[in-house]
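Asks: First, the structure itself, so that you have it in front of you.
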Ligand SMILES: Cc1cc2nc3c(=O)[nH]c(=O)nc-3n(C[C@H](O)[C@H](O)[C@H](O)COP(=O)(O)OP(=O)(O)OC[C@H]3O[C@@H](n4cnc5c(N)ncnc54)[C@H](O)[C@@H]3O)c2cc1C
């Protein structure tokens, strides 16, 4: 049996970031980072679309992404001269028809108040800006001129993991199978090799499995895996100025090197908890729903060649599609960092910093994450993010 001051369950981007910032905040206690899939074959982190934006509907989410953006801009100071995650600041272009316009305008006001560099343009201005775009059915669009884009998720994860090697962290390559609790405290986690780790604090960083992990401690967390397919295609035409475009249908597309990736618009009626072992891409979705929209929105995409696809699981918060951050109100040494619902990669550095501050200093110092606290889950009071892509 071993004893750790902090046991973090899940060692992908959120767990690694928490361990990293704990040390950066001066935490000198023992830390175990427990990960059942050390190659991260099925983690949301490595299966994501690795994009970052300012275009959220609530200021709290914008602030989390802005923290990460600032980190991206000084990556070499933080992680060393060879740190590179291939960040391309290509922007997001979120389009709206007449019905979606009031929400787009409202979101834009929130983003401007947070200092984001987003322009709201009507259809004619968008066609002038992007020669390849068809604005059929479009009233306006919001375009991030700076501060938004995409990067290499695996490279970002490896930066954190590499930095952890010098920070006296115990990496444990096992699955957590149980959590012991005595009243208002969790006391230990059990591993599938039958080891038992006593824990001062347990942090849930288990991504799409976070609901299951919380249940091991007898706690309810409305986070479940939801399957999301990503399709890769080739096109004859290359558009150097193409941002990550989000159509009003929810379908998104962006360049990825010399090819493009696309996805979105999973039909609501079929969108339930995923089988944790199901990573088969939903090809009919591409053929029936996505391709026709791409061909309408970008006429040059009438002739494209789909080449491959993958599927990952969103860490989907069914209450309000927003993160749950911070301790359980009654089991204060069980801490959540979960439920990011498709935007957790870009929030991970900020959340790591916030959780570290909470553990080390007893409160948030850099970004106030109280609004993401568990209390709303207990009360069934949604804190909704409208821009879930
Ligand atoms: C298709 C897709 C596209 C996405 N696109 C974006 C995007 O463009 N931008 C963005 O910001 N976000 C995006 N996301 C969301 C983002 O990937 C996640 O929110 C983020 O990676 C969550 O990080 P995590 O470390 O919490 O979860 P994960 O990366 O899933 O890591 C959790 C880890 O916990 C481990 N684990 C789980 N249970 C246990 C256990 N019992 N014992 C031990 N280990 C355990 C798992 O093996 C896993 O490695 C996307 C997600 C998907 C699926």
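Read the figures in this text as sums done on the coordinates, not as results from a lab. The structure displayed is predicted, hence computed values, not measured ones. Because the Cβ atoms are built from the backbone with ideal geometry, glycine has one as well, and the counts that use them run over all protein chains shown.
Asks: With everything on Cα atoms, drop me the angle between helix 59-73 and the longest principal axis of the chain, reported from 0 to 90° to the nearest 10.
Replies: 90 degrees
Asks: Right, next: Between 17, 229, 30, where does the largest GNM mean-square fluctuation fall for the chain, given springs only between Cα atoms within less than 10 Å?
Replies: 30
Asks: Ok, one more. What percent do you get for the relative contact order of the stretch 263-389 when only Cα pairs under 8 Å and 6+ apart count?
Replies: 22 percent
Asks: Mind checking the full-extension length gain between residue 238 and residue 303? Use 0.36 nm per residue of separation minus the Cα-Cα distance, one decimal, nm.
Replies: Between residue 238 and residue 303, full extension yields 22.1 nm more.
Asks: Still on this model: Where the centre of each part is set by its Cα atoms, how far does the stretch 108-135 sit from the stretch 349-363, in angstrom?
Replies: Each part reduced to its Cα centre gives a spacing of 35 Å.
Asks: Nearest 0.05, what FRET efficiency do residue 117 and residue 185 give at R0 = 41 Å with Cβ-Cβ as r?
Replies: Approximately 0.35, to the nearest 0.05.
Asks: Gaussian network model of the chain, Cα springs within a sub-10 Å range: biggest mean-square fluctuation belongs to which of 270, 226, 109?
Replies: With Cα springs under 10 Å in the chain, the top fluctuation among 270, 226, 109 is at 270.
Asks: Output the 0 to 90 degree angle, nearest 10, between the alpha-carbon long axis of helix 153-164 and the longest principal axis computed from the alpha carbons of the chain.
Replies: With both axes taken from Cα atoms, the answer is about 30 degrees.
Asks: Could you check which residue among 269, 78, 287 shows the biggest mean-square fluctuation in a GNM of the chain with a 10 Å Cα cutoff?
Replies: In the Gaussian network model the winner is 269.
Asks: With a cut-off of 8 Å between alpha carbons and a minimum separation of six or more residues, what is the relative contact order of the chain in percent?
Replies: Over the chain, the number comes to 23 percent.
Asks: Would you mind classifying the stretch 323-389 by shape? Square roots of the alpha carbon gyration tensor eigenvalues, ordered a ≥ b ≥ c; an a/c under 1.5 is rounded, otherwise it is prolate if a/b is larger than b/c and oblate if not.
Replies: Oblate, because a/c is 1.5 or more while a/b does not exceed b/c.
Asks: Going by alpha carbons, how many degrees (0 to 90, nearest 10) lie between the helix axis of 101-113 and the longest principal axis of the chain?
Replies: The angle comes out near 60 degrees.
Asks: With r defined as the distance between the Cβ atoms of residue 370 and residue 258 and R0 fixed at 41 Å, what FRET efficiency is calculated, to the nearest 0.05?
Replies: Computed FRET efficiency for residue 370 and residue 258: 0.40.
Asks: Please state the shape class of the stretch 158-264: rounded when a/c is under 1.5, otherwise prolate if a/b exceeds b/c and oblate if not, all from the C-alpha gyration tensor.
Replies: Here the stretch 158-264 falls in the prolate category.
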